[in-house]
Amino acid sequence: MSKLESIISQRRAIRDRLIAEGRAPYPQDGRRSHTNAEALAEPEGASVTVGGRVRALREMGKIAFAKIEDETGMIQIVLRKGDTADFERLKDIEIGDFMRASGARMVTKTGEQSVLAAQFELLAKALRPLPDSYYGLANEEQRYRRRYLDLIMNKEVAAVFRKRSAIIASVRRTLERHGFLEVETPTLQPLYGGANARPFITHINAYDGMPMYLKISDELYLKRLLIGGFDKVYEIDKDFRNEGISYRHNPEFTMMECYAAYWDYTDIMRLVEEIYRDAAIAATGSDIVPYDLVIGRDENGEPITQRVELNFRDPWERLTMKDGIRRYLQIDVDTLSDAELAAELNRRRPAPQDAEPFNRGKAIAELFEFTEDYYVQPTFIIDFPRETTAFCKPHRADPTLIERVEPYIARMEVGNGYTELNDPVLQRQFMMDERGDEAQPLDEDFIQAMEYGMPPAGGLGLGIDRMVMLLTNQSKIRDVLLFPTMKPLSPGESIDDADDQADSDSG
């Protein structure tokens, strides 16, 4: 029997003995009068009942000291023979268990704020021991698969997810201050659309196995609501894209999408600035946020970082896609023929790609990707080639372009905004022009809805996970997801001996 199996067996024996003695190791009543933080704020002599997980336990003959932890922090419990009822039952409690104690607030001789327990009881018997330390979670594989242990052993991890909640709440407040209405759209959809992405496919048994798709975007349903008469709508929810996994990508991710009638992409840019500024203050207390930018990796694959101060106070720089290429690659794409543009791309690609029909607009967008590492401070890239999306209105000054904006921060694209296309004839044409594995199908119901008239509008999608990464100084998306998507373990492999799941930069 291994050491772990022996410990589990001993703890299970305590559980079984308590049940045989008629004492519940998992009682129904878990009430307390104070959280630990509230109890610590009470004066000496105040009567309190606190509860939490036992994180330390020290017995010294007729006196014992336990430290119990709840979400608000740690408090010390003093148990003393003669003052604490059933003192001998302390032998039933071990580190990791949940216990409750009632008594008077006191200060020990060493000055530690404590509770002198008049009585105590076991609230939940832990059958498995906690790791000896945070480093008992040997690798990231264990941390992500056993997030509950990660949260127990590393309070900095819990702090990230509290900030995540504050960031999302701030996004809601900013949108609602502008009059946006929060709505819900279907996760299961008969057609997928609103982005170029591979969907997850399922089916409905009740409809004779009719295929259904997990949403890749909220766009087409939110636009239907504009058509229906709501002027400003938004949704914060999960989208699903059956693509690669990397430091920045997870197949299931959180997006905020919003649409405002009578706006265009210039209004959207102002909204993005405001959302990020408000969220930065909510998460950090400042609109200047420190971030450890990954600038490379060492021979062991560990990140090499450079501390930067992300400025969400000032207006963001606005740069057209072509000007970005001109500034950072010293290439004026308007002077290149199709053959020259294709040659320039092939020269920069890390490996040859399958031959595809040349598309000038998409080639320009691909060339732009080689400039992305230059956008550290918040920057708007605007005015994309028309071929890059089917849902954006042509540029008012140049019909080969569209009024599209992508915000970039710390070398990451963090969103997408449009002056929305509302001409149903052009919409049908653009959707039919879409090609490739990730092209979305023609949605006749959406086209028909547009034929009833859709107001001019601005639209925005913001990646919440990447926003949280930036505002909590995390370089991996899995560090801001409580339960990231993980590769299944091999047959016979346990979490304890699994290697770190390798990150891929694909997708």
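Determine the percent antiparallel among the DSSP beta bridges restricted to the chain, to the nearest 5. Working shown, then result.
On the way: 80 of 90 bridges.
Restricted to the chain, the bridges split so that about 90 percent are antiparallel.
Expressed in nm to one decimal, what extension gain is obtained for the pair Val183 and Asp423 from 0.36 nm per residue of sequence separation less their Cα-Cα distance?
My answer for the length gained is 84.0 nm.
Determine the share of segment 326-389's accessible area contributed by carbon and sulfur atoms, expressed in whole percent, with a 1.4 angstrom probe. Write out the running numbers ahead of the final one.
Details: 1710 of 3600 Å².
Carbon and sulfur: 47 percent of the exposed surface of segment 326-389.
Using the structure shown, select from Lys163/Lys393; Lys232/Lys322; Lys215/Lys476; Lys81/Lys125; Lys3/Lys163 the pairs with a Cα to Cα distance greater than 27 angstrom. Can you show the working numbers first?
Details: Lys163/Lys393 36 Å; Lys232/Lys322 32 Å; Lys215/Lys476 24 Å; Lys81/Lys125 23 Å; Lys3/Lys163 38 Å.
Pairs exceeding 27 Å: Lys163/Lys393; Lys232/Lys322; Lys3/Lys163.
Write down the Å³ per residue value for the convex hull defined by the alpha carbon atoms of the chain.
Numbers: hull volume 113.1 nm³, N = 507.
Once divided by residue count, the hull of the chain is 223 Å³.
Let me understand segment 379-491 better: what is its radius of gyration from the alpha carbons, and its Dmax, in angstrom?
17.9, 60
Under a Cβ-Cβ cut-off of 14 Å, what is the net charge of the residues other than Lys125 that fall near it, where Lys and Arg count +1 and Asp and Glu count -1? Write out the running numbers ahead of the final one.
Working: positive: Arg11, Arg12, Arg15, Arg17, Arg23, Arg53, Arg89, Lys91, Arg100, Arg128; negative: Asp16, Glu21, Asp92, Glu94, Asp97, Glu121.
So the environment of Lys125 carries a net charge of +4.
Return the aspartates and glutamates within reach of Lys91: Cα separation strictly under 12 angstrom, same-chain partners fewer than 8 residues apart disregarded; answer none if there are no such residues.
Glu59, Glu121
If you count only protein heavy atoms with a 1.4 Å probe, what accessible area per residue comes out for segment 1-150, rounded to a whole Å²? Mind showing how you got there, number by number?
Working: 8190 Å² over 150 residues.
Here the per-residue accessible area is 55 Å².
Asp332 accessible area, nearest 10 Å², 1.4 Å probe?
50
State, to one decimal in nm, how far the label point of Asn205 lies from the label point of Asp86, with both points 7 Å from Cα in the Cβ direction.
Here the modelled spin labels are 4.7 nm apart.
Given the C-alpha atoms of segment 1-143, compute the convex hull and give its volume per residue in Å³.
Details: hull volume 19.7 nm³, N = 143.
Convex hull volume per residue, Cα atoms: 138 Å³.
Determine how large the accessible area of Leu181 is when every protein chain is in place; take a 1.4 Å probe and give Å² rounded to the nearest 10.
Ignoring ligands and nucleic acids, Leu181 comes out at about 80 Å².
Distance between Cα centroids, segment 230-272 to segment 313-351: provide it in whole Å.
26
How much of the pair distance distribution for segment 241-291 lies past 14 Å, counting alpha-carbon pairs only, in percent?
Tail of the P(r) past 14 Å holds 69 percent of the pairs.
Could you give the semi-axes, largest first, of the ellipsoid that matches segment 205-319, computed as the square roots of 5 times the alpha carbon gyration tensor eigenvalues and rounded to whole Å?
Working: eigenvalues 218, 132, 25 Å².
Listed largest to smallest, the semi-axes of segment 205-319 are 33, 26, 11 Å.
Which value, in Å² and to the nearest 10, is the accessible area of Thr485 when all protein chains are kept and the probe is 1.4 Å?
50
Find, among the GluC sites (Glu not before Pro) in segment 126-198, those assigned to loop by DSSP (not H, G, I, E, B) with at most 10 other beta-carbon atoms within 10 angstrom. Provide the component values of the computation, followed by the final result.
Values: sites: Glu140, Glu141, Glu156, Glu176, Glu182, Glu184; in loops: Glu184.
Qualifying residues, ordered by number: Glu184.
I need the P(r) histogram for segment 257-405: all alpha carbon pairs, bin width 5 Å from 0 out to the longest distance, whole percents.
Values per bin, smallest distances first: 2, 8, 14, 16, 17, 16, 13, 10, 4, 1, 0.
GluC sites (Glu not before Pro) within segment 18-112: which are DSSP loop residues with at most 14 other Cβ atoms inside 10 Å? Please list the in-between numbers first.
Details: sites: Glu21, Glu38, Glu44, Glu59, Glu69, Glu71, Glu88, Glu94, Glu112; in loops: Glu21, Glu44, Glu71, Glu94, Glu112.
When the GluC sites (Glu not before Pro) of segment 18-112 are filtered for loop state and at most 14 Cβ neighbours within 10 Å, Glu21, Glu44, Glu71, Glu112 remain.
If I stretch the segment between Arg58 and Glu5 completely, what's the gain in nm (0.36 nm per residue apart, minus their alpha carbon distance), one decimal?
Working: separation 53, 0.36 × 53 = 19.08 nm, distance 2.39 nm.
Using 0.36 nm per residue and subtracting the Cα-Cα distance, I get 16.7 nm.
If you average 1/r across every pair of different Cα atoms in segment 407-455 and take the reciprocal, what Kirkwood value do you get, in Å? Walk me through the intermediate numbers first.
Details: mean 1/r = 0.0779 Å⁻¹.
Result for segment 407-455 stands at 12.8 Å.
If you bin the C-alpha pair distances of segment 87-218 every 5 Å from 0, what whole percents do you get?
Binned Cα distances yield the sequence 2, 7, 8, 8, 9, 12, 12, 11, 9, 7, 5, 5, 3, 1, 0.
Based on Cα positions only, what radius of gyration and what Dmax would you give for segment 148-256, in angstroms?
Spelled out, the Cα radius of gyration and Dmax of segment 148-256 are 17.1, 50 Å.
Between exposed trypsin sites (Lys or Arg not before Pro) in the chain, where DSSP calls loop and at most 15 other Cβ atoms lie within 10 Å, what's the longest gap? Show your work: numbers first, answer last.
On the way: sites that count: Arg23, Arg31, Lys62, Lys109, Arg313, Arg396, Arg411, Arg435.
Result for the longest clean stretch: 110-312.
Between segment 144-193 and segment 386-419, how many Å separate their Cα centres?
For segment 144-193 versus segment 386-419, the Cα centre distance is 26 Å.
The values are calculated or read from the model by the stated rules, or taken from the named source; none is laboratory data. If you're wondering where the values come from, they're calculated on a predicted model, not measured in any experiment. Please note: Cβ atoms are built from the backbone with ideal geometry, for glycine as well, and neighbour counts cover all protein chains shown. Just so you know, the surface numbers come from the protein's heavy atoms only, side chains and all, with ligands and any DNA or RNA stripped out. Shrake-Rupley method; radii C 1.70, N 1.55, O 1.52, S 1.80 Å.
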